[in-house]
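Quick notes on the structure that follows.
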Amino acid sequence: MQGYLSDEEIDALLEEYKELFTPQLKHELSIKLKNAARKRGVTREDVIKIIEFAAKNYHQALIDPGEAVGTITAQSIGEPSTQMTLRVFHYAGVREYNVTLGLPRLIEIVDARKQPETPIMEIYLSEDVKHDLERVKAIARQIESTLVENVTREFTIDYTEGLVTVMLDPDMLQDKGVSVEQVVEVLKNLEVGEVEVSSENPHELRVLLSEEYLDPVKVEKLRTKILQAHVKGLYGIKKTIIQRRGDEYVIIAEGSNLEEVMRIPGVDWRRIYTNNIHEVEKVLGIEAARSAIIREIKNTLDDQGLDVDIRHIMLLADMMTWTGHVRQVGRMGIAGEKPSVLAKATFETTIQKLVESAVSGEEDKLPSITENIIIGQIIPVGTGLVQVYMNPQLIKKGESELIDSR
C-alpha cells in the first residue's frame, strides 16, 4: 500500500539512527519492524516514532560506570523474595505429583543443590510423533521407570517354606506394557532363589529362596530388593503424564534423566527441558546451565507475581557460572571464592584464612569493596572507581601565578 515502507527502506532508516543502538539491538529492532510491516504496514513516521521511543527507553536503562549493580541486584531479588509463599503446584489428574515453587525453589536454585526436591522434565516430541496419541503413549511407557512393585497386586513372604509369592496385576501389566516373562527374568537376575510361574495362575510367581535369604531379620531388606527391582524404562523417571499443548502432545515426567531421554527415537532433543540445573550443566554445558538458572528464577518469581528486572537475574546467573561450573551463592560458593585475602577472612574462618594466605605468600590487591572498607580506603564504586593522579606542586604553582597576575 502507498506510504508503507519496504524491508530495504526500514533498514535504510535504521542506518541513519545506528549511533543510538548497539548492533544487536539494531538487529532485533529491524526484525520486529519488518514483522510489523508485513502484518499491518508501517509508514516512515511510524518507524521514526518507534525508533525514537526505543532509543529513549534504551538510554534510560543504561547504568553509569561504577554503578553498584551487585548491591542493587541483591536488593532487587532479596526484597521481593521475602514476600514469596511456600507454594506447591499440583498437576491435575495425577495424585501426589507436585512441583516445588516459591521460596523453597528459589533457595534450591541459588544454593545450587545437586538434586532438586521435585525434578521435572518437559519432553517434546518430533514432528511425526507429536500429533499421534498412541505413539506418544508408547514413548511415555518407554521412558517411565517401571519397578516390580508397580505391577504387583499382592506380595507375601513365607519363611516356614522359604517361599516368596508375587501376584502380578494384569491391568497394570497391560498399562505399563510389561509381560510376565520380563518380570520373571528380572527376578532371576536378582539371584535370591529359583523363580517359577504357578501352573494354576499365570500371573502368580513363586520364588524358592536360597539359604542365605531365609533369615527373618532380613525380611524388609529382601522385600525392598524384590519390589524395587527395575523392570523397564529409564532410571530416575518415576511417572509420566501426557498433556495437550496447542496442537501437540507433550510428555511431563516426574524425575530427570536428560541424557538418556535425548537418545530415545521420536523425542525432539532440541526442545527437551529439565529443572535439574546440574544435569543441564553436565549434558549441555555451562552456557545452557546459565540459561536454565535465568529461566528457573524468572519463572519462580513470575509465578508469585513478583516483577524483577531480568538483568538482575542475569547478573546473578553470571556470578554463579562465570568460573565454568555452577556455584552456590553461599558459604562454599561465590562468597568463599573471592580473590581477596581480607574478603575471604571476613567470612567465618578468619584466622584460618589469614594463616593459609600467609603460608602461601598471597598478595591482596584490594580489588573489591569489602577489603577496602576493612582498611578504611575509598571503595571502588561510583566516583571512587576513578583513579586521578595529580601533582600538588604544579597546582600550587598555578595558584601562585594566578594571584601574581591579579
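The values are calculated or read from the model by the stated rules, or taken from the named source; none is laboratory data. Note that this is a predicted model, so its numbers are computed, not measured. In this analysis, Cβ positions are derived from the backbone assuming ideal geometry, glycine residues included, and neighbour counts consider all displayed protein chains.
Please go through the stretch 257-293 and give me each residue that is under 12 Å from the mean Cα position of the chain (by Cα) and surrounded by 20 or more Cβ atoms within 10 Å (Cβ to Cβ), ordered by number.
Within the stretch 257-293, Thr274, Asn275, Asn276, Ile277, Glu279, Val280, Glu281, Ala289, Arg290, Ala292, Ile293 meet the criteria.
For a quick check of your reading of the model, give me the residue pairs whose first member lies in the stretch 220-248 and is farther than 22 Å from Gln182 by Cα, whose second is surrounded by fewer than 16 Cβ atoms within 10 Å (Cβ to Cβ) and modelled with pLDDT under 85, with beta-carbon atoms closer than 6 Å and at least 6 apart or on different chains.
Here the result reads Ile241/Val94, each pair linking the stretch 220-248 to a residue that is surrounded by fewer than 16 Cβ atoms within 10 Å (Cβ to Cβ) and modelled with pLDDT under 85.
Take Val136 and tell me if it is more than 30 Å from Lys221 (Cα to Cα) and part of a strand (DSSP E or B).
Taking the combined requirement at face value, the residue does not satisfy it.
Sort through Leu168, Leu163, Leu147 and tell me the only one that's in contact with a His (Cβ under 7 Å, 6 or more places away or on another chain), surrounded by fewer than 19 Cβ atoms within 10 Å (Cβ to Cβ), farther than 30 Å from Leu316 by Cβ and modelled with pLDDT under 90.
Just a single option satisfies the conditions, and that option is Leu147.
Inspect the stretch 239-253 for any residue being of a type outside the set (Gly, Ala, Ser), over 23 Å from Glu127 (Cα atoms) and crowded, with 20+ Cβ neighbours inside 10 Å and give the result as yes or no.
No, the stretch 239-253 contains no residue that is of a type outside the set (Gly, Ala, Ser), over 23 Å from Glu127 (Cα atoms) and crowded, with 20+ Cβ neighbours inside 10 Å.
Run Asn276 past the list (1) out of contact with any helix residue (DSSP H, G or I) (no Cβ under 9 Å at 6 or more places or on another chain); (2) under 30 Å from Val110 (Cα atoms); (3) not hydroxyl-bearing (Ser, Thr, Tyr) and report the number of the one that doesn't hold.
With respect to (1) out of contact with any helix residue (DSSP H, G or I) (no Cβ under 9 Å at 6 or more places or on another chain); (2) under 30 Å from Val110 (Cα atoms); (3) not hydroxyl-bearing (Ser, Thr, Tyr), Asn276 is out only on (1).
Among the numbered criteria (1) closer than 30 Å to Ala317 by Cα; (2) touching a residue at least 40 places away in the same chain (Cβ under 8 Å); (3) not in a helix (DSSP H, G or I), which single criterion is violated by Val261?
All conditions are met except number (3).
Taking only the stretch 1-40 into account, find how many residues are more than 16 Å from Tyr58 (Cβ to Cβ) and of a type in the set (S, T, N, Q).
Final tally of qualifying residues: 3.
Do the conditions hold for Arg290, that is, is it basic (Lys, Arg) and at pLDDT 85 or above?
For Arg290, the condition - basic (Lys, Arg) and at pLDDT 85 or above - is met.
What helices (runs of 4 or more DSSP H) lie completely within the stretch 296-406 and have 1 or more residues being modelled with pLDDT of 85 or more and among the aromatic types (Phe, Trp, Tyr)?
Result: empty, no element qualifies.
If I filter the stretch 207-249 down to residues being closer than 19 Å to Glu154 by Cβ and assigned to a strand (DSSP E or B), which single residue comes out as modelled with the highest pLDDT?
Out of the qualifying residues, it is Val231.
Looking at the stretch 140-149, is at least one residue among the charged types (D, E, K, R) and touching a Gly at 6+ places or on another chain (Cβ under 7 Å)?
Scanning the stretch 140-149 turns up at least one residue that is among the charged types (D, E, K, R) and touching a Gly at 6+ places or on another chain (Cβ under 7 Å).
So Glu122 ticks every box in (1) in contact with an Asp or Glu (Cβ under 8 Å, 6 or more places away or on another chain); (2) among the acidic types (Asp, Glu); (3) at pLDDT 90 or above but one. Which box is left unticked?
Of (1) in contact with an Asp or Glu (Cβ under 8 Å, 6 or more places away or on another chain); (2) among the acidic types (Asp, Glu); (3) at pLDDT 90 or above, only one is false for Glu122: (1).
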